[in-house]
Structure formats: C-alpha cells, structure tokens
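What follows is a single structure, written as structure tokens, with notes after it.
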Amino acid sequence: MKKTRTLLDRTYEFLSRRPVYHGIFWLVLFALMRWIDLSSGIDPWFAVGNELVQLVFYALLVYVNLYYLIPRYLARYVLVYLLLAVAFCAVITPIEVLALYLKFSSRPEYRTSLIQQQSWIFWGNLLVTFLSTILRVIMDWWRYQNEKQVLLTQTIQSELRFLKSQINPHFLFNTLNNLYALTLKKSDKAPEIVLKLSEIMRYMLYECNERSVLLSREIQYINNYLDLERLRQPDDSSISFEVEGNISNQTVAPLLFVPFLENSFKHGLNHTVNGGGFVKLRLTAGPEELFFTIENSKVDMFPGNQYPGSGGIGLVNVRQRLEMLYPGQHELSVENNPDRYIVSLRLGLNS
C-alpha cells in the first residue's frame, strides 16, 4: 500500500508540472489531427502544415481561455463565460479560415471546400476551447484533492503529536516513584518495570510516526500500560485485558486507544477509595472489523455529569480523530451508568 501511494504521489507530481500536462495535451491533439488527415488521403506534408496552422489558433483559444476567461468568469458568472467563449471562437474562426485560405494559394481546389467548412472549423475551435476547460477543472480538482490529503495527513500528525504530549505526567511520575521504591527494596520487579517503561516511550516516540501501525504493537503498548498501572493501584483492584482473533497482520492508527485508557483510570479507578474498582478491556479482531470495549467502575461521590471530562484529549477530540482516520468505517458508543462507564468501538480494518 505504501509503495502504491508513493508511486501515485510521484505520478501526480510529474503530471502536475505545467509543461508536462500542457505538452501531453498538445501531443494528443496533434496525434488526433494527424489520424484524421491520414484517413482523408491528403498529402502528408501539406496536411502537417495545415495542422500546425490550426494548432497556432487552438493555442490562442486555449491560453486566452485558461488565463483570462476561466479565472475571471467561470466560477462566478458561468453564463457570461459561456457567451464570451462562444463569441471568442466566432471571432477567431474567420481569421483562421483566412490564414488557411492564403496557405492554399498553391492549391485552389481546397479553397472552395474551406469556405464551405467554416462552420465545422468553428465547432472544432469551440470543442477544443471547452475541452481545455474540462481538463482545467479536472486538474484543479486533482490538485485540490492532493492538497486536501496533505492537509489531512498534517492534521493527523498534529493530532498524534498532541496526543503524545497529553500522556498523563502523573502516570509517569507515579511509575518512577514506584520504580524507585522497588529499587530500594531490591525487588526483582524493578528491571521488568524499567523495560516496560522504555518500551512505552520507544513506541510513542519512534514507532507512532506512521499513519498506521501493527495492531499487535498497539496491543503490546496497552499491556505495558496496564502492567505499570497495576503497580500503583490497590491490590484488590481488578485490571484485565482479553484479546481474541488474529492480530498478526492487522493495522490501526497509532495510540488510538490511549484516550480510553487514560479516562478509565483518571475518571474511574484512581478515584476508588475503598477498593474493589475495576478496568476491563476486551478486543476482538476479525478479518475486516475490530471490536473494542473498555469498562471501568465509578464512585458514588463523582458527579455523573462531570464524569466524561476532557482528560487527555477528551472524547470529543477522539470522535474527531476517528472521523478523520475512519470516515464511515467506525461506530463509537458510550454508556454512562450509575456504577460504571462503558465505551464500545467498532472499527473497519485494512489488512
């Protein structure tokens, strides 16, 4: 997929150069005129001369259309543009006929047919003019789509950088404090905690710069995150994560589940005073869809209308990010019950 996009980007970059697509247009038009004249049996060199004269007038029509009529009138005054384009072709056609008439001085037999074919020459000029308009609209649309894609990529990267900056500092400080306590006790857990913390930081800093990452790496990140959270939660807290399905080749947007993790602890388990709190995660990966559910306990003293607060990037920004990354391919639902909070996400996958 990445190689295909790179090839498309290079193709677009090459074709979007003005000399390239203008050159292609005139070569195709000249080849078409050559093919028509070959079928008519006219002397090749004589025909080529006629075609070059016609190309000069076509170029006049096309470039006046591209650099004057379209920028000034097409977007705002379509009817005026159409009238001016037709009028300009009507003015140019007699001049073109006169130039060809003078060229036919050595072949008087062609002059009579030339006069009779003025209307066809007019329609040909009009066709070339409107063809250049259509191509201009297509190129502008293509350029707009490319710029839109670049802007979308930059927006997603900005969202990702913002997401990285929003990882809870208290989580890191508490983890380091717990790690310090373990080192004082010379606990065997200390090296494992250092390894998990380094994996989390490496993943966030170096592996999340792409638009998508392997689902297995995202799951490993979640497991490391949960392992570090277990260190600082009460012993009677319940933190579980179940994974089902084939996750080896699936890809997702990086750090997609971080806001849900942060909110489940920041607004749920961290406020549990008497113990017994829980965070339960479940992820099921199918061939084309992923189902993710996270459920956490709530405390009575926590106001229900404040619970879905904007910790981390907040659920509002999560929805915006999903709209950018998976338009029409996701479904996010939230249940704010009196004793628990449940977030469910259905996501379309690209294998």
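By its C-alpha gyration tensor, with a ≥ b ≥ c as the square roots of the eigenvalues, how is the range 39-80 shaped: rounded for a/c under 1.5, else prolate for a/b larger than b/c, else oblate? The shape class here is prolate.
Over all distinct Cα-Cα pairs of the range 2-151, the Kirkwood formula returns a hydrodynamic radius of 17.5 Å. Does anything in the range 188-232 have its amide N under 18 Å from the 7 Å Cα→Cβ label point of Phe291, and if so which residues? So the set is empty, nothing qualifies. When peptides 320-330, 75-85 are sorted by average Cβ neighbour count within 10 Å, with the highest value leading, the order is 320-330, 75-85. So, in Å, what gap is there between the alpha-carbon centers of the range 211-266 and the range 87-148? Centre-to-centre distance over Cα atoms comes out at 65 Å. Taking the fewest neighbouring Cβ atoms within 10 Å as the starting point, the ordered list for Leu255, Leu100 is Leu100, Leu255.
Readers should treat all values here as calculations from the given coordinates under stated rules, not as data from a laboratory. Remember, predicted model here, so these are calculated numbers, not experimental data. Here Cβ is always computed from backbone atoms with ideal geometry, including for glycine, and neighbour counts include all displayed protein chains.
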